1. Looking at (1) surrounded by fewer than 17 Cβ atoms within 10 Å (Cβ to Cβ); (2) touching a Cys at 6+ places or on another chain (Cβ under 6 Å); (3) not polar (S, T, N, Q), find the lone condition where I65 falls short.
2. Return the pairs, sorted by first residue and then second, in which the second residue is surrounded by 13 or more Cβ atoms within 10 Å (Cβ to Cβ) and basic (K, R), the first residue lies in segment 57-76 and is modelled with pLDDT of 95 or more and assigned to a helix (DSSP H, G or I), the beta carbons are less than 7 Å apart, and the residues are 6+ apart or on different chains.
3. Check segment 126-145 and report whether any residue there is at pLDDT 95 or above, assigned to a strand (DSSP E or B) and touching a Phe, Trp or Tyr at 6+ places or on another chain (Cβ under 9 Å).
4. Select from segment 97-118 the residues that are over 22 Å from Q61 (Cβ atoms) and among the β-branched types (V, I, T) and list them in ascending order.
5. Go through segment 60-89 and give me each residue that's of a type in the set (A, V, I, L, M) and under 20 Å from I125 (Cβ atoms).
6. What tally of residues in segment 19-33 results from selecting those that are surrounded by fewer than 19 Cβ atoms within 10 Å (Cβ to Cβ) and either free of Cβ contacts under 8 Å to residues at least 40 places away in the same chain or within 16 Å of the chain's Cα centre (by Cα) (or both)?
7. I'd like the full set of residues that are under 16 Å from K113 (Cα atoms) and touching a Gly at 6+ places or on another chain (Cβ under 6 Å), limited to segment 16-47.
8. I'd like to know if segment 39-50 contains one or more residues that are in contact (Cβ under 8 Å) with a residue 12 or more places away in the chain and over 15 Å from the mean Cα position of the chain (by Cα).
Amino acid sequence: MSAVGDTRIDLKPLLGTDEATLDSKGRILLGKKKRDRLGDSFAMAIGELGCICIYPEDRWQERLIEINNTDPMNPGRQDYARLFFAMADDDLSCDTQGRVVIPEHIRKKAHLKEKVLLVGCFDHIEVWDPQEYQEYWKYQEVYAKERRVPLNQAYSKMKGLTTPASS
């Protein structure tokens, strides 16, 4: 993988938008291209917008290292970890048919019903309820503000940055 700022990129990005159906067991079928680029093991968490983010193992490890490298007594780290990891699961993989189970507590938090959208976001996949995704596109500035603001503030505090305005 290339360092930040390099002009060459050695990774294959997660891209495109696919429709999928959530079955009665909470599974979705990932297309072969997305499966191959996610790898054999991955993690998922509720992202700052309230959708599910699926991270390849190497990207997940980067998130863990970033948090682990912050003093555990840092209140921002504590808040961020609490908000982020409460709705996460790791060591996930697809079954032989290419399906992955989305844990029930994560499905409910993301408001998933039968139909979902799988949105490639370069280094992760977002799983959206189609109606929520439409709302996001209509109202990007205010969508999920009640989740975004506390997460961004905790992250900024963890990193020692100025806390962003609540816009």
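1. (2)
2. Going by the 7 Å Cβ cut-off, the qualifying pairs are I67/R77; P75/K157; G76/K157.
3. Among the residues of segment 126-145, at least one is at pLDDT 95 or above, assigned to a strand (DSSP E or B) and touching a Phe, Trp or Tyr at 6+ places or on another chain (Cβ under 9 Å), which makes the answer yes.
4. Result: V116, single match.
5. If we filter segment 60-89 for residues that are of a type in the set (A, V, I, L, M), which is where we start, we get 64-65, 67, 73, 81, 83, 86-88.
Selection gives L64, M87, A88.
6. Residues flagged as surrounded by fewer than 19 Cβ atoms within 10 Å (Cβ to Cβ) and either free of Cβ contacts under 8 Å to residues at least 40 places away in the same chain or within 16 Å of the chain's Cα centre (by Cα) (or both) within segment 19-33 amount to 2.
7. D18, L29
8. Checking segment 39-50: at least one residue is in contact (Cβ under 8 Å) with a residue 12 or more places away in the chain and over 15 Å from the mean Cα position of the chain (by Cα).
The values are calculated or read from the model by the stated rules, or taken from the named source; none is laboratory data. What you see is a predicted model; the values in this text were computed from it and never measured. Cβ: placed from backbone, ideal geometry, glycine included. Neighbour counts: every protein chain shown.
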